[in-house]
1. Find the strands (runs of 3 or more DSSP E) located wholly in the stretch 314-429 whose residues include 2 or more that are more than 22 Å from residue 281 (Cβ to Cβ) and open to solvent by 30 Å² or more (accessible area, probe 1.4 Å), and list them.
2. Determine, yes or no, whether residue 266 is under 30 Å from the mean Cα position of the chain (by Cα), open to solvent by 10 Å² or more (accessible area, probe 1.4 Å) and modelled with pLDDT under 95.
3. Is one or more of the residues making up the stretch 163-175 over 21 Å from residue 241 (Cβ atoms) and open to solvent by 20 Å² or more (accessible area, probe 1.4 Å)?
4. If you take the residues in the stretch 242-263 that are surrounded by 20 or more Cβ atoms within 10 Å (Cβ to Cβ) and of a type in the set (A, V, I, L, M, F, W, C), which one is nearest to residue 327 (Cα to Cα)?
5. Mind telling me which of the residues 176, 194, 204 ends up being under 28 Å from residue 328 (Cα atoms), touching a residue at least 24 places away in the same chain (Cβ under 8 Å) and out of contact with any strand residue (DSSP E or B) (no Cβ under 6 Å at 6 or more places or on another chain)?
6. Restrict the check to the stretch 482-490 and report whether at least one residue is assigned to a loop (DSSP other than H, G, I, E, B) and more than 29 Å from the chain's Cα centre (by Cα).
7. Restricting attention to the stretch 513-536, report how many residues are open to solvent by 30 Å² or more (accessible area, probe 1.4 Å) and either closer than 21 Å to residue 433 by Cβ or assigned to a helix (DSSP H, G or I) (or both).
Amino acid sequence: MRIPLAKTKTKWIGSVKDRYKTVNMKPSTETAPSKILLTVWVTALVLGYAGWDRLQLELEKQEWVQENVRIVNTLATVEQLLHQGLTREIREEGTAFLRSGYNLPRLFREPAFVITQEFEGGDLIPDSTRIHRILIVGASSIQYYLGAELERRLENYEGIDVLRFGKLSTGLVRDDVLDWPEKLTELMTEFQPDLVIAQFGGNDCQGLTLPDGRTASFNTEEWRAEYRNRLNEILHLTQEQGATPIMIGMPNMRETRFARRIHALNELTEEQTDSAGAIFYPLWELTSDSAGNYLPTVEFHGDVELMRLPDGIHFSRHGAQYVADQFCLDLEQQYTLSSESDSLADYYRFQHFSEARNDTVHYYAYVPDRGENERLPAVILLHGAYGAPEDWAFHAHRDLQYLSFLHRLILVLPDGNEHGWYLDSPYDSTSQIETYLISEFIPEVIGRLPVNSDFSMMGLSMGGHGALSVGLKHPDLFVSLSSMSGVVNLIEAADRPALIRLLGPYGENERAWRFNSAYQIIENYPTSEPVPHLMVTCGTSDSRLEMNRELHALLQELNIDHEYRESDGGHTWTYWVEQLPEHLEWHATYLHSLDNVEYFSEETDLIEQRVN
């Protein structure tokens, strides 16, 4: 059993036709559920027209209804045709298809709230800042698989109530089918949500009726202006009721012309959502291959199946599970959502003002369940260059939750500036990162979180160097230090513009370079000073391998006890995520030896079982 990763890899495999035969075809003998479904659905339709919408919603949540979603789609379409006498028409003109390649973005750009209270032995998060009620609204994808999977997962968080309303053949363009502002007002008045998750768009790639009665063709200037107004109405209506809106973008589509339209609609929706201060959650990259093409299959929890139903538009159950799982992983990193699982630590975001940096700085923490007023040891995880503290969570959120729980460690992720190198610059008064970590961040963590006085520190790349250099300058503060793929000798990186900006040219400022370089700090380490426990690891395909080997040789020459390990891998998150359990287990062994807690090897064997 493997620890779930924050970002599940997608794979495009085999023949779509063959996968369809395997995954979606049902034996002809499976007719009884369909007949039952038809009877119950017709009953639900009658009740729906009588105003019994909630019964229909509850019906749609049932597992056996979801298994027959194709029949449901057909019946619901017939309902719309009979009731409205309308069909959806998608015109073929559109903008050029611009995407050519992708990297997964950080999906949530800004935090929705920040916690600022002091830890007093009680709950870390005041009740007023928690999410209690989540409303999910949208068209057919919300009515069926995607909405159902989101609802199931969100209901599994402690203290969360979820209400879902989806309606086939609706959207912000089709106000003749359903007046969404009116319906949303009704739902919000009834439910009073803290968070509104919405998805529109599949039915919106068509002409709309302007306020003066004229029809505007899709994506013309008049159409875009009116669609912005309708989006704003939804967003502002949500915000005025005190809720945070999250707009989920539309996925890539199999039919190329439709995909072009959806792409243009996504861009407009994202632009307008950002301008309203709301959150846009894109699905395009999650549903595209590395070349930006429609992704027919996806690997999720070891199974590879079709991501969509035969129409190439709506999600299959497997695809919806994949997207909903990814969405909830990202949502957990944005809000304080406590899992009902006893084996996952809670995740928090904090901020405080730094005098050393003359700026407000944020950081993150994983805190496992603990006894009343119990304080635990902490490990500081430093990020790499061009990075940020949330990089750790972005790539290894579930791993960190589980490992924090397993080892009874509080994990804290500080902001070291993407080019701060965890040192004090003599040239840049706002880049005093070492002073910040030692004089401000650690006291902040002790005052805010239920930590004891035992700290260890680790990092990757720039952060691996920082863990060694800062930790060895302040050996009395740290029990253990470890580096993954560290740039452990700054002298060998003397041509880096960021380091030159911080320390000046090496030839003119050799003393500053040597004072801040891990290799030279160890080379001149006082024999009278205690040395924290040290571990250094590096991938055999990493360009930093040789300097790490040289550091290992220096430590051996100086008779400084340490762990040194090499294994397959490069300077990548794949390698760092694989190394994470090994590093945290190593730190936990030393940290818990100080608090007289017996640390059983049987417990740590669970990690290997999970990883392998």
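The values are calculated or read from the model by the stated rules, or taken from the named source; none is laboratory data. Here the structure is a predicted model, which is why all the values come from computation and not from measurement. Neighbour counts run over all protein chains shown; Cβ positions are idealised from the backbone, glycine included. What goes into the accessible areas is simple: the full protein's heavy atoms, side chains included, and nothing from ligands, DNA or RNA. Shrake-Rupley method; radii C 1.70, N 1.55, O 1.52, S 1.80 Å.
1. Fully inside the stretch 314-429 and qualifying: 346-354, 359-367.
2. Here the answer is no, as residue 266 does not meet what is asked.
3. Yes: the stretch 163-175 contains one or more residues that are over 21 Å from residue 241 (Cβ atoms) and open to solvent by 20 Å² or more (accessible area, probe 1.4 Å).
4. 248
5. Selected residue: 204, the only one of 176, 194, 204 that is under 28 Å from residue 328 (Cα atoms), touching a residue at least 24 places away in the same chain (Cβ under 8 Å) and out of contact with any strand residue (DSSP E or B) (no Cβ under 6 Å at 6 or more places or on another chain).
6. yes
7. 4
One line per residue, one yes/no per condition, for (1) at pLDDT below 95; (2) more than 30 Å from residue 149 (Cβ to Cβ); (3) buried (at least 19 other Cβ atoms within 10 Å of the Cβ); (4) touching a Lys or Arg at 6+ places or on another chain (Cβ under 6 Å):
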site	(1), (2), (3), (4)
195	no, no, yes, no
198	no, no, yes, no
201	yes, no, yes, no
217	no, yes, no, no
222	no, yes, no, no
225	no, yes, no, no
231	no, no, yes, no
